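Written out below as structure tokens is the structure these notes cover.
The values are calculated or read from the model by the stated rules, or taken from the named source; none is laboratory data. All values derive from a computational prediction rather than experimental measurement. Note: ideal-geometry Cβ built from the backbone for every residue, glycine included; neighbour counts use all protein chains shown.
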Amino acid sequence: MMHVRKQPFLLLTLFVLCSASITSYAQSLKEFFANTATPLTYLGVDFSLTKIQGETATPTEIKEKFEPINAVIITEAKKYDVTGAFKRTAPVTNYTEAINKVNDDANVSKMKTDNVSDLGTLTPAEIAKHVKVYNLSGKSGIGLVFIMDGMSKTNKEAAMYAVLLDLGTKKVLNSEKITGKAQGFGFRNYWAYTVYKVLHTISTDKYKDWANAAAAAPEEKVAEAPKADTAKPKAKKGKKAV
């Protein structure tokens, strides 16, 4: 009887472990590009590290527009087609709270510059370090964030890193700097248009390159849970573990 009672629990345990393994595999970067049904979470546009050249708006006015830019990308999803650019079969999940917090805390007065040469200084290593500050507690899977690197009124364009990251570990899985032309009236529309152009570039060009690179790369799982026995203290040589 004891053996019979344990069977349902054993089967449930095996099911959970198998499900966790399948979920982890389905959320690898390789599988993300291979399987268009793999979910994607859109985090927003991070302005906190950017330089803004030639902008006449005050730091206060600039900061006030960060959240509206992120909002319009979501509310006008047909135009700013994140789902389509990344070939997803289901709409992306939007979670901009973490990015809005980072933008709110940014020191905008240090962003403004008159020199184009001050733009485009971010490195992939700095990007990998920066994403660790995001509050992604409870999130899992793959996320997308655009991290602005430079916004030029003179050149009428903005450069940004398109970053795919593991939401559970905040590890950067893929990042590339892409430039988009600016257009429109008002600060919000002018700079939001650069994201539209970058999404178009991803859809027509970059996505295929990234998918091919991922297909050729070794499998790397995302946010795999640690094994149950890893927390146990190891026995010292010559002594038995207590």
**OP:** Within the range 31-57, count every residue that is in contact with a Ser or Thr (Cβ under 9 Å, 6 or more places away or on another chain), among the β-branched types (Val, Ile, Thr) and either surrounded by fewer than 18 Cβ atoms within 10 Å (Cβ to Cβ) or over 23 Å from Leu136 (Cα atoms) (or both).
**Re:** 2
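Please determine, by comparing only the residues of the range 183-226 that are of a type in the set (Gly, Ala, Ser) and in a loop (DSSP other than H, G, I, E, B), which one is modelled with the lowest pLDDT.
To start, the set of residues in the range 183-226 that are of a type in the set (Gly, Ala, Ser) comprises 184, 186, 192, 203, 211, 213-217, 223, 225.
Going one step further and asking which of them are in a loop (DSSP other than H, G, I, E, B), we end up with 184, 217, 223, 225.
Values: Gly184: 96, Ala217: 84, Ala223: 54, Ala225: 44.
Looking at residues that are of a type in the set (Gly, Ala, Ser) and in a loop (DSSP other than H, G, I, E, B), I get Ala225.
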Original post:
Among the numbered criteria (1) on the phi > 0 side of the Ramachandran plot; (2) without any contact (Cβ under 8 Å) to a residue 60 or more places away in the chain, which single criterion is violated by Gly141?
Top reply: (2)
**OP:** Tally the residues that are under 13 Å from Asn70 (Cα atoms) and in contact (Cβ under 8 Å) with a residue 40 or more places away in the chain, restricting the search to the range 190-203.
**Re:** 5
**OP:** Taking the residues in the range 133-161 that are touching a Lys or Arg at 6+ places or on another chain (Cβ under 7 Å) and among the small types (Gly, Ala, Ser) as candidates, determine which candidate is farthest from Lys197 (Cα to Cα).
**Re:** Gly150
Original post:
Which pairs have Cβ atoms under 8 Å, sit 6 or more apart or on different chains, and link a residue in the range 61-72 that is touching a residue at least 12 places away in the same chain (Cβ under 8 Å) and part of a helix (DSSP H, G or I) to one that is surrounded by fewer than 19 Cβ atoms within 10 Å (Cβ to Cβ) and of a type in the set (Lys, Arg)?
Top reply: Ile62/Lys112; Lys65/Arg188; Pro68/Arg188; Ile69/Arg188; Val72/Arg188
Original post:
Taking the condition farther than 23 Å from Asn189 by Cα and either assigned to a loop (DSSP other than H, G, I, E, B) or out of contact with any Pro (no Cβ under 9 Å at 6 or more places or on another chain) (or both), does Thr89 pass?
Top reply: yes
Original post:
Would you say Ala77 is assigned to a helix (DSSP H, G or I), surrounded by 15 or more Cβ atoms within 10 Å (Cβ to Cβ) and touching a residue at least 12 places away in the same chain (Cβ under 8 Å)?
Top reply: no
Original post:
Mind checking whether some residue in the range 89-99 is surrounded by 13 or more Cβ atoms within 10 Å (Cβ to Cβ) and touching an Asp or Glu at 6+ places or on another chain (Cβ under 6 Å)?
Top reply: yes
Original post:
Looking at (1) surrounded by fewer than 17 Cβ atoms within 10 Å (Cβ to Cβ); (2) part of a loop (DSSP other than H, G, I, E, B); (3) touching a helix residue (DSSP H, G or I) at 6+ places or on another chain (Cβ under 9 Å), which is the only condition Leu136 fails?
Top reply: (1)
Original post:
Checking Thr123 against (1) within 17 Å of Ala158 (Cα to Cα); (2) in contact with a Phe, Trp or Tyr (Cβ under 9 Å, 6 or more places away or on another chain), which test does it fail?
Top reply: (2)
